[in-house]
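One structure is given below, encoded as structure tokens.
The values are calculated or read from the model by the stated rules, or taken from the named source; none is laboratory data. As the structure is a computational prediction, the values presented were derived from the model and not from experiment. Cβ placement follows ideal geometry from the backbone for every residue including glycine, while neighbour counts extend to all protein chains displayed. Accessible surface is based on the protein model in full, side chains and every heavy atom, while ligands, DNA and RNA are left aside. Shrake-Rupley method; radii C 1.70, N 1.55, O 1.52, S 1.80 Å.
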Amino acid sequence: MFQRLDTAATPTRHVQVWLDGEPHRVAETLTVAAAVLQLRGWQGYRRHVDGTPRAPLCMMGVCQECLITIDGCANRQGCLEPVAEGMRIERQGGDIHDG
Amino acid sequence: MMAESRNADIAIVGAGPAGMAAAVTLADAGYRPTVFDMNAAPGGQIYRQLHAPQASDAVMGKDYRRGRELLDAFLQADIDHRPGSRVWWADNDASGTALGVLARGQTQRWQARQLILAGGAMERGWPFRGWQLPGVMNAGAAQILLKQGALVPSIPPVLAGSGPLLYLLAWQYLRAARPPALILDVAPARRYGEVLHQVHRAWLGRDYLLKGARLIGALKRAGVPIRQGITALEAEGDTAVERVRYRHKGRWHTQPSELLLTHFGVTPEPQLARSLGLEHVWHAGQQCFVPRRDATLAAGTNLWIAGDGGGIGGALNAEREGRLVALSLLENEQRTTAEQRREGQALLAARRRDLEARCLLERLFRLPESWLDDQSAETLVCRCESVSRGELDLAITQGGAGPNQLKAFTRCGMGPCQGRQCGESVTRLLAQRLGGTPDAVGYYHIRPPVHSITLGELAAREASRA
């Protein structure tokens with residue numbers, strides 16, 4: 001998991017997102033992938049097409065390991081999409097391991 | 001196919017230091033450049049979130065804050081800044097460049113008279129056994145989390161690889177009172193002595209060397225263990241990393257850890273330049289391909305490349321090259337003043353000195369070209385299509401003589417990252433096996449779309465011009 005330092009430098013608004021059906025409040029500066037790494041960590045982030053577990057590698061739009069379902073659209077690059085109020089985020093095969 | 005074009009007199013791709021500096025310089029000269037950037041805010045990776053910093057200055061260090069002046073100038077200038085825009089297609093001819101831009105789920109067609117590519121660098125894909133496991137992340141990715149939301153690992157990570165970023169991130173974690181468990185440096189300790197013998201370069205590069213010495217000194221004083229000269233690295237675990245294995249002084253060691261942050265240097269993000277068919281040459285010092293540019297940083301007709309996307313020079317050099325490209329472009333249009341021409345000469349001289357000094361860093365953090373040969377056969381090279389080194393070896397034995405043949409044989413490079421993570425590993429492997437140079441081996445043919453785009457997004461083109 002990743003944790004937010006409590007000495008953050010700029011007061012930052014938080015937004016509510018829904019991750020796998022559960023509500024959470026996260027800093028609005030985060031991208032979807034960053035929010036998931038804070039809320040759930042890298043375990044169970046994504047299941048790859050070959051069946052192996054995967055998680056974000058680069059966080060800058062290069063590796064495509066952060067693919068995730070956002071507001072019902074599958075395979076969005078989670079590291080490029082900023083979080084937004086009311087956003088629904090679903091990990092792809094995370095806890096379900098359904099390949 | 002697509003709707004009528006929007007026109008941009010000068011288009012810039014990327015809003016990192018190079019793109020921002022080019023845009024500000026052009027805006028000062030009376031132009032209004034259009035800047036396309038993938039991210040939500042300007043700054044690139046180096047100055048990410050600097051408009052509203054999340055981690056404190058005490059944690060980030062002063063180099064991060066250094067971008068503030070440029071960022072403010074960019075935000076205040078009259079620039080058509082288009083955040084959240086991915087340039088997924090480009091086609092260049094004598095009249096300019098046509099661009100396909102994906103923004104807010106719609107695709108737009110643009111026609112740019114002049115194009116400046118300032119797409120920056122990416123962390124080098126550097127395969128080792130287990131690098132696809134959750135719990136292995138790039139050190140740069142971890143630093144992005146720090147910048148984006150003051151996020152730090154909840155457990156002390158192992159940091160491994162080579163390059164200044166490894167020590168900078170370790171130092172930042174230390175400043176945040178979250179020191180790493182262990183640092184594994186590929187560079188042997190003797191290298192640090194060797195580079196000091198290059199007296200002229202060491203003098204030119206004294207700022208880099210002193211900065212590095214300060215970071216390493218602080219980490220050592222804090223008791224962070226550092227192993228220099230590791231020769232192999234592996235991540236092991238069932239569904240995520242559980243332990244890190246490494247070879248040091250000829251012996252294997254195991255460190256239990258659930259988070260391994262690796263960094264093996266950076267390379268130009270190649271996709272758009274490659275898809276435009278620009279010539280690339282292997283840079284032996286930087287150990288990667290770089291696009292060919294002339295002395296004015298032009299890479300084609302009405303086409304320029306500034307910053308790390310044209311070869312690795314770091315943030316300050318990227319800013320310098322952004323200004324240089326803008327001045328070259330103005331000179332081309334006979335719009336420069338005598339003062340600007342003098343400024344251009346001074347920038348070129350500073351660039352020469354800086355790049356000369358950076359040869360030291362290249363030497364210091366040089367990666368072993370034979371690394372991939374030492375990996376076990378099951379090591380994934382292409383993560384997207386799960387192609388191992390063993391499968392690539394077999395394909396080479398069966399007659400795969402080039403990157404595009406290996407692609408056809410094994411599907412390496414055909415996944416969603418489009419070869420960004422494996423391309424140069426495949427070139428390197430072929431060069432080793434066939435005894436050729438990377439230039440002779442070449443690289444994948446890169447074709448648009450260079451970003452993933454759905455058919456729906458392609459179809460949802462703008463109904464009318466804005």
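Annotations for the structure displayed:
- Among residues of region B:107-134, those that are among the small types (Gly, Ala, Ser), over 13 Å from the mean Cα position of the chain (by Cα) and surrounded by 24 or more Cβ atoms within 10 Å (Cβ to Cβ), counted: 1
- When B:ARG48, B:ARG65, B:ARG86 are screened for being in contact with a strand residue (DSSP E or B) (Cβ under 8 Å, 6 or more places away or on another chain) and open to solvent by 10 Å² or more (accessible area, probe 1.4 Å), only B:ARG86 passes.
- Filter pass, B:HIS263 being in contact (Cβ under 8 Å) with a residue 12 or more places away in the chain and within 15 Å of the chain's Cα centre (by Cα): yes
- For the condition more than 14 Å from chain A (Cβ to nearest Cβ) and surrounded by fewer than 17 Cβ atoms within 10 Å (Cβ to Cβ), B:PRO164 does not qualify.
- Among the residues of region B:169-221, those identified as within 23 Å of A:ARG4 (Cα to Cα), of a type in the set (A, V, I, L, M), in contact (Cβ under 8 Å) with a residue 60 or more places away in the chain and open to solvent by less than 20 Å² (accessible area, probe 1.4 Å) are B:LEU169, B:ALA176, B:LEU182.
- Flag: A:VAL62 does not match the condition of being open to solvent by less than 10 Å² (accessible area, probe 1.4 Å), closer than 30 Å to B:GLY14 by Cβ and in contact (Cβ under 8 Å) with a residue 60 or more places away in the chain.
- Among all positions in region B:405-426, there is no residue which is touching a strand residue (DSSP E or B) at 6+ places or on another chain (Cβ under 9 Å), open to solvent by 30 Å² or more (accessible area, probe 1.4 Å) and of a type in the set (Gly, Ala, Ser).
- Any chance B:LEU133 is among the hydrophobic types (A, V, I, L, M, F, W, C), modelled with pLDDT of 95 or more and touching a Phe, Trp or Tyr at 6+ places or on another chain (Cβ under 6 Å): no
- Scoring B:ARG341 on the criteria (1) in contact with a Ser or Thr (Cβ under 9 Å, 6 or more places away or on another chain); (2) basic (Lys, Arg); (3) within 30 Å of B:TRP203 (Cβ to Cβ) leaves a single failure, condition (1).
- Of all residues in region B:266-279, those being over 16 Å from B:LEU99 (Cα atoms) and under 16 Å from the mean Cα position of the chain (by Cα) number 5.
- Going through (1) assigned to a loop (DSSP other than H, G, I, E, B); (2) open to solvent by 10 Å² or more (accessible area, probe 1.4 Å); (3) facing chain B (nearest Cβ under 7 Å); (4) of a type outside the set (A, V, I, L, M) one by one, A:GLN3 falls short only on (1).
- Those helices (runs of 4 or more DSSP H) lying entirely in region B:399-466 with at least 1 residues closer than 24 Å to B:VAL13 by Cβ: B:423-434, B:455-459
- Selection status of A:ASP20, among the acidic types (Asp, Glu), open to solvent by 50 Å² or more (accessible area, probe 1.4 Å) and either touching a residue at least 60 places away in the same chain (Cβ under 8 Å) or on the phi > 0 side of the Ramachandran plot (or both): yes
- Scanning region B:245-268 for residues that are away from chain A (no Cβ under 11 Å) and either of a type in the set (Phe, Trp, Tyr) or assigned to a loop (DSSP other than H, G, I, E, B) (or both) yields B:TYR246, B:LYS249, B:GLY250, B:TRP252, B:SER257, B:PHE264, B:GLY265.
- Filter result for B:LEU329 (touching a helix residue (DSSP H, G or I) at 6+ places or on another chain (Cβ under 6 Å) and more than 14 Å from chain A (Cβ to nearest Cβ)): no
- Selection within region A:14-46 - within 10 Å of chain B (Cβ to nearest Cβ) and farther than 19 Å from B:ALA141 by Cβ: A:GLU28
- Yes/no for B:LEU455 being out of contact with any helix residue (DSSP H, G or I) (no Cβ under 9 Å at 6 or more places or on another chain), open to solvent by 30 Å² or more (accessible area, probe 1.4 Å) and over 28 Å from B:LEU133 (Cβ atoms): yes
Conditions (1) more than 22 Å from A:GLU65 (Cα to Cα); (2) out of contact with any helix residue (DSSP H, G or I) (no Cβ under 9 Å at 6 or more places or on another chain), marked per residue:
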position: B:SER386; (1), (2): no, yes
position: B:GLY390; (1), (2): yes, yes
position: B:ASP393; (1), (2): yes, no
position: B:GLY400; (1), (2): yes, no
position: B:GLN418; (1), (2): no, no
position: B:SER425; (1), (2): no, no
position: B:ALA431; (1), (2): yes, no
position: B:ALA440; (1), (2): yes, no
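- Candidate set from region B:142-161 (those that are facing chain A (nearest Cβ under 7 Å) and more than 19 Å from the chain's Cα centre (by Cα)); member that is nearest to B:ALA41 (Cα to Cα): B:GLY149
- Qualifying residue in region B:353-376 (condition: over 30 Å from B:ALA306 (Cβ atoms) and of a type in the set (Phe, Trp, Tyr)): yes
- All conditions in (1) farther than 28 Å from B:ARG65 by Cα; (2) acidic (Asp, Glu); (3) surrounded by fewer than 20 Cβ atoms within 10 Å (Cβ to Cβ) hold for A:GLU28, with the sole exception of (1).
- Filter result for B:ARG351 (under 30 Å from B:ALA202 (Cβ atoms) and more than 14 Å from chain A (Cβ to nearest Cβ)): yes
- Qualifying positions in region B:11-41 - at positive phi and either surrounded by fewer than 24 Cβ atoms within 10 Å (Cβ to Cβ) or over 23 Å from the mean Cα position of the chain (by Cα) (or both): B:GLY30
- Screening the candidates B:VAL441, B:VAL450 for the property of being in contact (Cβ under 8 Å) with a residue 40 or more places away in the chain and of a type in the set (A, V, I, L, M, F, W, C) yields one hit, B:VAL450.
- From the options B:GLY436, B:GLY390, residue that is more than 22 Å from B:PHE128 (Cβ to Cβ), open to solvent by less than 40 Å² (accessible area, probe 1.4 Å) and more than 14 Å from chain A (Cβ to nearest Cβ): B:GLY436
- Set B:GLU343, B:GLU319: member being crowded, with 21+ Cβ neighbours inside 10 Å, touching a Leu at 6+ places or on another chain (Cβ under 8 Å), modelled with pLDDT of 95 or more and of a type in the set (Asp, Glu): B:GLU319
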